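Here the structure is laid out as C-alpha cells; the discussion comes afterwards.
The values are calculated or read from the model by the stated rules, or taken from the named source; none is laboratory data. What you see is a predicted model, and the numbers here were worked out from it, not measured in a lab. Methodologically, a virtual Cβ is constructed for each residue, glycine included, from the backbone with ideal geometry; neighbour enumeration extends over all protein chains shown.
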C-alpha cells in the first residue's frame, strides 16, 4: 500500500533537511518512536518503537541521500517491510516535505490499500515541534487528509502503528453486503466512540418490539453455533434470526442484523465484545460492541489483511467452529508455559477456531492474517485425538472426543512463536526470568 503525508514548514530547506536526516530526532516527531540511533553513520540506523501496547526494534538503511532534495529509507529486519521516500521542495515562505510510504505484503498480512482512505492516514501535526515547526509556527497539514483540523491532534491513525480507522474493503462479485465495509471491529477500545462520531460505524435501529419464539431457553449454559454467551448477554439462533437478552434473566429481543443477511443467519459465536455470524454461503460477519449497550452494536463484513480491512472471508466447511478473543480490556494478560504473565497489548487477538479432517485437525482463521489456511495447532495425542465437540474463548481451546476425554490448550498466533515483530521468543527455560508485564 502507499499513502502520503505533506506539510508546509516555515523554515529553510536546509534546516528542515538537516533535522529530518538526523535520525536521533525521530522520537520528537513520530509518536510511536522511543529512540533512534545510527549503527553506521549515514547508512544504517536502529529505531525502538512502542505501539499496539508492545515494543519493537527495527533496523533501517538509507537508500537515497541527496542534500536538500531526497532522503529515502527502507526496513531491513521488519516483517512489515516498508520504504519511505522524503523529498524536500522550497515553497513560498518555507519548505514542503513530501513523505510517501510504501508497504509490501508480509506474514502479518499487510496488503495493498486503495482509494481516498490512504490519504486520510496522518501523523501528529506537532511535526518537528521542538524546533519551532509546530502549528503555532505555521505547520500546515495537507487538507487532502480528510479530517477536520481540530481532529488531527487526536491522531486517528499512525503510519508506524498500522492501526487502521477507515475501512478500505473492496467489493467482490459474490459479496452479499458491500455496504458493510465500516464498523468498529478491530479498532482499539479507546477509538470506539471516536469511530462512531466520525461515521465509521452505523449501529442499526432496534427491531420493533414483538413476539419472540416460545422455545427460547431460560438459560444459555453452553457455547455452540446456535447458543452462545458472554458476561453481559446471551444469544440464541432460531430460524435464521438471532435473539439476545441481558444476563442473567433479561427479556429476549430480536437482534438487529443487516438486511442483506437478516433471516439467513446459520451460525453464531460470541466472545469478549465481538459476535461472529455466518449466512447460508458461510460469509463471515462480525458484530462489535457485544459488551456495550445494544444501541452501540454495529456490523462489518471486513476480514483479512491489511489489519482487518480486507474484502471479507467465507468460513470453510465443517460444523465445529468457535470464535475466540483475547483482549486487553477483558483479559489484560496471559500466562506463558514458564509461569510469566505477558501483556495482551493494545490490540485483541481474535481467531475463528475450526475442527477439520474428521476431528483430527485444529486450524484457525485470523482477521489480520492472509486467507491461506496455513494456521494450525497440533491437537491432543499428536493428531490421533478425534474431536466431536469444540469451543474456544480468550485463546483457550477446548475439545472433547466421543469417549468424553477432554483437553484444553492456551494457544494463538502470538503465543505460538509466529509474531516475532512484537514478541521475543526463546528455547531456553524462562522460569523465574523477568516478565514483560507491568501492572
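Of the residues making up the range 192-221, those that are without any contact (Cβ under 8 Å) to a residue 40 or more places away in the chain, out of contact with any helix residue (DSSP H, G or I) (no Cβ under 9 Å at 6 or more places or on another chain) and either farther than 15 Å from residue 296 by Cβ or assigned to a loop (DSSP other than H, G, I, E, B) (or both) number 12. Based on this model, can you work out whether residue 360 counts as more than 30 Å from residue 431 (Cα to Cα) and touching a helix residue (DSSP H, G or I) at 6+ places or on another chain (Cβ under 9 Å)? So residue 360 passes the test. Taken over the range 312-332, the criterion of being surrounded by fewer than 17 Cβ atoms within 10 Å (Cβ to Cβ) and more than 14 Å from residue 272 (Cβ to Cβ) is satisfied by 314, 316, 317, 318, 319.
For the range 346-362, give me the residue count where each residue is in contact (Cβ under 8 Å) with a residue 40 or more places away in the chain and on the phi < 0 side of the Ramachandran plot. Residues that pass the stated criteria total 10. Taking the options 164, 187, name whichever one is under 14 Å from the mean Cα position of the chain (by Cα), under 27 Å from residue 349 (Cβ atoms), part of a loop (DSSP other than H, G, I, E, B) and at pLDDT below 80. Result of the check over 164, 187: 164.
Listed here are the residues, each with its yes/no results for (1) at pLDDT 95 or above; (2) in contact with a strand residue (DSSP E or B) (Cβ under 8 Å, 6 or more places away or on another chain).
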position: 194; (1), (2): no, no
position: 198; (1), (2): no, no
position: 203; (1), (2): no, yes
position: 206; (1), (2): no, yes
position: 209; (1), (2): no, yes
position: 238; (1), (2): yes, no
position: 242; (1), (2): yes, yes
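Comparison of 345, 383, 379 shows that the only residue that is surrounded by fewer than 17 Cβ atoms within 10 Å (Cβ to Cβ), modelled with pLDDT under 95 and over 19 Å from residue 225 (Cα atoms) is 383.
Can you tell me which of 329, 290 is touching a residue at least 24 places away in the same chain (Cβ under 8 Å) and either closer than 15 Å to residue 270 by Cα or out of contact with any helix residue (DSSP H, G or I) (no Cβ under 7 Å at 6 or more places or on another chain) (or both)?
One residue alone meets the criteria, 290.
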